[in-house]
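See below for the structure under consideration.
Readers should treat all values here as calculations from the given coordinates under stated rules, not as data from a laboratory. None of the values given here were measured: they were computed from a predicted structure. Glycine also receives a Cβ, built like all others from the backbone with ideal geometry; neighbour counts cover every protein chain displayed.
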Amino acid sequence: MKKVVIIGVISFIILFYIFTLKISITVDSDTVKVFDKYEEKVSSCLEDIFGFCLFKLPVNIEGNVDTNIIGNYKIKYESKILFKNKKIEKEIKVYDDEPPVITVDKDVIESCPNKNGDIVYKAVDNYDNDITEKVTKEVIDNKYVLKVSDSSNNETILEIPIEYKDNDKPQIKLKGPSIVYLKIGEKYNELGYTATDNCLGNITDRVEIKSNVDVNKTGKYTIKYFVADDLNNKAEITRTIYVYNKNPDIPVGNKVIYLTFDDGPSSYTNTLLDILKKYNVKATFFVTSNGSDSSIKRAYQEGHSIGIHSYSHKYNEIYKSEEAFFKDVDKVNKRIKKITGKYSKILRFAGGSSNTVSKFNKGIMTRLAKEVELKGYKYFDWNVSSADTTTKDSNKITNTVIRSLRKGNNVVLQHDTNYGSVKAVEEIIKYGLSHGYVFASLNITSPTVHHAINN
């Protein structure tokens, strides 16, 4: 009997031990950083009542974690042996703790005192990619403060200092020519001007003018234009006014080239103006009805002289009579007035004053040469021909002009309707400047160059 009792007790103890065995499941981590590799660190044991791991058990895992997408992932773990079974559910968090990166185009911003300058920036996040549009920008204590947060609320703040300064002078530009010729007693009408500042923009209304012009007395006068910005950076420019009597010839120097262009404007005129601007050379355009108004306007605004040539350039019409000639002159001069705001007083006869195409009307050139002067005009022929009506070869045209240059006044005849002649201008200018010539535009006081009249 005693033996049976002992066996029963032992059996009870064994059964009790077996029934108190339990399964444990351990997951080492519940977070993983976005884009990192996720490795399941899970283990399962069959433990006794004292927590001693008798042996490890396999674990069945249900679910997965995508580390490319931020979020919470529920994973189920199960382990079992015989009649014992253990299930747990755990949430694995994929997170992002890396702040965005803001890049800027400059470390210090230089700005006008009345502005905050400009800054180019970009914000890139490791997860959200380009988030530039989320950047907030404000100026605090002379600094640009840029802020941006990504979708995980990681914030980046970048401060860029602003240096306020302005050392640039304003700019004044004159409308119309910088040299104006007035007949004694003729009223001077201001041609206009514009003033701009790098910080303030248009400051034309700030311009002050000082003038000593006396239109009732011959002489050389000046109109001075002054302007200053908020930091007292000053600019000044001068327009020279000549008040003359009876169209005197005023020499410019002993080696002068007057570049003149007939029959335009044309599609090549703007190219010619670009060349003249490059070398700061002024020229004269004897215009017709051809081309665009904008080319004439540009030429005038850049300080070139605009003269009358002919509206129609049809010899049989304009030389039919004095009345027909001046009707043609008035027509082209109205075009000039509409574009420039002023009538022109210089002209060149179609074909020159020495032409023979007008011989169908005997003596008309002799009469017209006198009448244009009586009406207040001054006409110019030329003493250097480019011969550009016989060739389009720019090299030939260049050489023809250069060979014909002399000391004194050189009035060069060219046509801006000939592209070869336009191309030749740059080489002519280079030669002239390197050989001591000055370039000037014609006006009513320029030295007279007339041909012998043949009719």
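Among T398, W382, Y319, flag the residue with its Cα farthest along the positive direction of the charge dipole of the range 303-441, charges on Cβ as +1 for Lys/Arg and -1 for Asp/Glu.
The residue sitting most towards the positive pole is Y319.
With a ≥ b ≥ c taken as the square roots of the eigenvalues of the C-alpha gyration tensor of the range 255-439, please select rounded if a/c is under 1.5 and otherwise prolate if a/b is larger than b/c or oblate if it is not? If you can, show how the numbers build up before the last one.
Values: a/c = 1.79, a/b = 1.43, b/c = 1.25.
Since a/c reaches 1.5 and a/b is larger than b/c, the shape of the range 255-439 is classed as prolate.
Among residues other than L231 whose Cβ falls under 9 Å from its Cβ, what is the net charge (Lys/Arg +1, Asp/Glu -1)? Could you put the intermediate results ahead of the total?
On the way: positive: K165; negative: D166, D229, D230.
It works out to a net charge of -2.
To the nearest whole percent, what portion of all C-alpha pairs in the range 2-95 is separated by more than 20 angstrom? It would help to have the intermediate numbers written out before the result.
Working: 2226 of 4371 pairs.
Here the long-distance tail beyond 20 Å is 51 percent of all Cα pairs in the range 2-95.
[x] 33.8; [y] 25.9; [z] 39.3: which one is mean projected area of the Cα convex hull in nm² as calculated from this entry?
The value computed from this structure is option [z].
Restricting to DSSP H runs of at least four residues, report the calculated mean residue ellipticity at 222 nm for the chain, -39500 (n - 2.57) per run over all residues, nearest 500 deg cm²/dmol. Could you put the intermediate results ahead of the total?
Values: 8 runs with 99 residues, N = 455.
Result for the chain, helices only: -7000 deg cm²/dmol.
Give the shape of the range 171-244 as rounded, prolate or oblate, defined through the alpha-carbon gyration tensor: a ≥ b ≥ c are the square roots of its eigenvalues, a/c under 1.5 means rounded, and otherwise the shape is prolate if a/b is larger than b/c and oblate if not. Please report the intermediate quantities before stating the final value.
On the way: a/c = 3.22, a/b = 2.56, b/c = 1.26.
Prolate, since a/c reaches 1.5 and a/b exceeds b/c.
Rank the residues V108, V287 as a footprinting-exposure proxy: fewest other Cβ atoms within 10 Å of their Cβ go first.
Working: V108 10, V287 29.
So the residues, fewest neighbours to most, are V108, V287.
Which one, S24, L231, L276, projects farthest toward the positive side of the charge dipole computed for the chain from Cβ point charges (K/R +1, D/E -1)?
L276
Among the trypsin sites (Lys or Arg not before Pro) within the range 327-368, which fall in a DSSP loop and have no more than 16 other Cβ atoms within 10 Å of their own Cβ?
Numbers: sites: K327, K331, K334, R335, K337, K338, K342, K345, R348, K359, K362, R367; in loops: K342, K345, R348, K359, K362.
Those that pass, being in a loop and sparsely packed, are K342, K359, K362.
Go through the range 355-436 and name the chymotrypsin sites (Phe, Trp or Tyr not before Pro) that are in a DSSP coil and have 14 or fewer other Cβ atoms within 10 Å of their Cβ. Working shown, then result.
On the way: sites: F360, Y377, Y379, F380, W382, Y419, Y431; in loops: F360, Y377, F380, W382.
Counting only loop positions with at most 14 other Cβ atoms within 10 Å, the chymotrypsin sites (Phe, Trp or Tyr not before Pro) in the range 355-436 are F360.
List the relative contact order of the range 2-95 as a percent without decimals, with contacts defined as Cα pairs under 8 Å and 6+ residues apart. Don't skip to the answer; put the middle values down first.
Details: 165 pairs, mean separation 25.4, N = 94.
After rounding, I find 27 percent.
Name the GluC sites (Glu not before Pro) in the range 133-224 that are in a loop by DSSP and that have at most 14 other C-beta atoms within 10 Å, would you?
Working: sites: E133, E138, E155, E159, E163, E186, E190, E208; in loops: E186, E190.
Those that pass, being in a loop and sparsely packed, are E186, E190.
Grab the alpha carbons of the range 101-164, take their convex hull, and tell me the volume per residue in Å³.
Details: hull volume 4.7 nm³, N = 64.
Measuring per residue, one finds 73 Å³ for the Cα hull of the range 101-164.
How high is the relative contact order of the range 337-379, given as a whole-number percent (alpha carbon pairs under 8 Å, six or more residues apart)? Write out the running numbers ahead of the final one.
Values: 23 pairs, mean separation 19.4, N = 43.
Contact order relative to length: 45 percent.
Only Cα pairs under 8 Å and at least 6 apart count here; give the relative contact order of the chain as a rounded whole percent. Mind dumping the intermediate values first?
Working: 927 pairs, mean separation 50.2, N = 455.
Taking the mean separation of contacting Cα pairs over the length of the chain, I get 11 percent.
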